[in-house]
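Derivation of every value follows stated rules applied to the coordinates shown; laboratory data play no part. Fair warning: this is a prediction, and the values are worked out from it, not measured in the lab. All Cβ positions, even for glycine, are placed from backbone atoms using ideal geometry, and neighbour counts span all protein chains on display.
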Amino acid sequence: MKITAAKVIVCCPGRNFVTVKITTDEGVYGIGDATLNGREKSVVSYLEDYMLPALIGKDPQRIEDIWQFFYRGAYWRRGPVGMCALAGIDTALWDIKAKLAGMPLYQLLGGRSRDRIMAYTHANGKDIPSTLDAVAQAQEQGYKAIRIQCGIPGVASTYGVAKEGKSYEPADADLPTESVWSTEKYLNFAPKLFQAVRDQFGDDIHLLHDVHHRLTPIEAARLGKELEPYHLFWMEDAVPAENQEGFKLIRQHTTTPIAVGEVFNSIHDCRELMQNQLIDYIRTTIVHGGGITHLRRIADLASLFHVRTGFHGATDLSPVCMGAALHFDYWVPNFGIQEHMPHSELMESVFTRHYQFEDGYFTPGEAPGHGVDINEELAAKYPYKRACLPVNRLEDGTLWHW
Ligand code: CS2
Ligand code: MG
């Protein structure tokens with residue numbers, strides 16, 4: 001069996017997506033997500049100029065060998081662009097293999113380990129009352145787990161809060177916009193926010209929160225400690241994860257569970273944090289982590305240290321990644337939770353999917369492969385439009401972590 005064609009489909013039905021499509025001489029094709037928010041065209045070039053031409057003629061069934069060809073063979077290994085490009089190819093090859101086997105991808109991975117997949121969604125508002133309204137809406141939609149983000153009094157805008165009347169999309173301008181941040185105001189405010197949520201919604205609902213890389217380890221330790229009475233499901237990305245030693249300081253001070261890893265792209269980024277049990281959930285997902293082949297290795301390593309998966313699932317990860325992720329979630333023994341920021345109707349119109357949401361849980365569907373496809377004709381109607389993520393400054397003008 002041979003790969004006869006491989007291409008990249010870039011489209012922008014409300015936001016940019018990069019999709020890899022690989023076709024074989026037996027007419028079976030597979031697709032994979034290769035979207036890297038704000039850096040899409042870098043991945044397109046990496047694929048079109050250096051990877052896809054080398055795929056032609058290869059046996060698509062040799063997933064592992066192809067993975068190693070593009071990892072070990074790259075010389076300049078790892079990094080978000082290369083691993084995202086590799087993820088697109090790898091996911092497409094797993095899609096092909098499952099279609100050839102006539103089974104849904106989760107069966108190929110080892111069958112399902114659960115009956116359904118718990119998801120969490122986002123609730124955000126400019127202030128506590130509007131955030132509480134958003135939590136109520138998410139509950140009405142059936143979610144049992146909800147991420148809470150809120151505007152901070154005295155801070156013009158903050159991460160995770162949608163602009164008035166819009167759904168949340170961080171890559172919101174051709175070039176980076178600038179936002180302002182105050183750690184002091186945030187740390188003084190956050191416990192009040194979660195007190196209000198628990199007061200109104202009680203103890204049963206799972207609450208999550210994304211700090212989005214903005215604290216130092218001792219500040220994260222303070223936050224985790226002060227949020228303990230509200231028993232969060234997790235506190236995410238409390239500090240930038242380059243300094244993994246810093247997580248020891250957080251761990252010494254708080255029992256609030258810790259999630260990290262959506263910006264990681266290889267097992268080597270995750271290893272120290274997991275083997276030292278400094279985190280509880282690993283967020284690295286299929287599109288940014290080198291595909292299904294590599295995520296299986298990350299999940300297996302995680303399972304040795306009580307770490308569970310908590311796949312990143314923002315709207316800048318396409319429905320193709322969501323579909324593949326749900327098959328992975330259905331199988332993986334150390335599953336934690338799946339993020340779900342719903343794609344818009346327009347985005348979903350370009351991608352057909354088999355995964356289903358019901359009462360707070362997903363099932364991946366029984367179609368052969370990962371069950372997601374792209375309507376190329378429709379995709380062509382929405383050409384790429386550059387959009388960059390914001391940058392962030394402290395109130396004194398210091399460029400900070402966004
Ligand atoms: C966020 C993401 O969903 C999350 O946890 O961290 O929305 C993140 O900001 C975007 O994926 C960046 O493109
Ligand atoms: Mg996050």
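Just a few scattered comments:
- The chain: angle of helix 319-331 to the longest principal axis, Cα-based, in degrees nearest 10: 80 degrees
- From the alpha carbon centroid of segment 16-86 to that of segment 182-226 is 39 Å.
- Long pairs among Lys185/Lys385; Lys97/Lys144; Lys7/Lys381, criterion Cα-Cα beyond 26 Å: Lys185/Lys385; Lys97/Lys144
- Degrees between helix 183-201 axis and first principal axis of the chain (Cα, 0 to 90, nearest 10): 90 degrees
- Helix 217-226 axis, angle to the chain major axis (alpha carbon atoms, nearest 10°): 70 degrees
- With Cα atoms as the point set, the radius of gyration and Dmax of segment 270-327 evaluate to 11.3, 33 Å.
- Applying 1/(1 + (r/R0)^6) with R0 = 60 Å to the Cβ-Cβ distance of Ile56 and Asp199 gives a FRET efficiency near 0.50.
- Fraction of antiparallel bridges per DSSP, segment 234-369 only, in percent to nearest 5: 25 percent
- Largest to smallest principal axis extent of the C-alpha atoms in segment 1-48, angstrom: 36, 21, 10
- Fraction of the pair-distance distribution of segment 34-128 above 16 Å, Cα-Cα pairs, percent: 65 percent
- Reported value for the chain: 130 Å³ per residue, from the convex hull of its C-alpha atoms.
- Of all DSSP beta bridges confined to the chain, the antiparallel ones make up roughly 45%.
- Full extension of the chain between Thr255 and Ala173 gives 25.7 nm of extra length, using 0.36 nm per residue less the Cα-Cα distance.
- Counting beta carbons within 10 Å around each of Val18, Val155 and listing the fewest first gives the order Val155, Val18.
- Annotation: the residues Val391, Val260, Val307, Val44, sorted from fewest to most other C-beta atoms within 10 Å of their own C-beta, follow the order Val391, Val44, Val307, Val260.
- Across all directions, the average projected area of the convex hull around the alpha carbons of segment 86-178 is 9.7 nm².
- Gain upon complete extension [Glu228, Glu348; 0.36 nm per residue less C-alpha separation]: 39.4 nm
- Pairs of alpha carbons in segment 129-252 whose separation is greater than 17 Å (percent): 60 percent
- Cα pair distances of segment 159-223 binned at 10 Å [whole percent]: 15, 39, 37, 9, 0
- Residue order for Val350, Val161, fewest other beta carbons within 10 angstrom first, comes to Val161, Val350.
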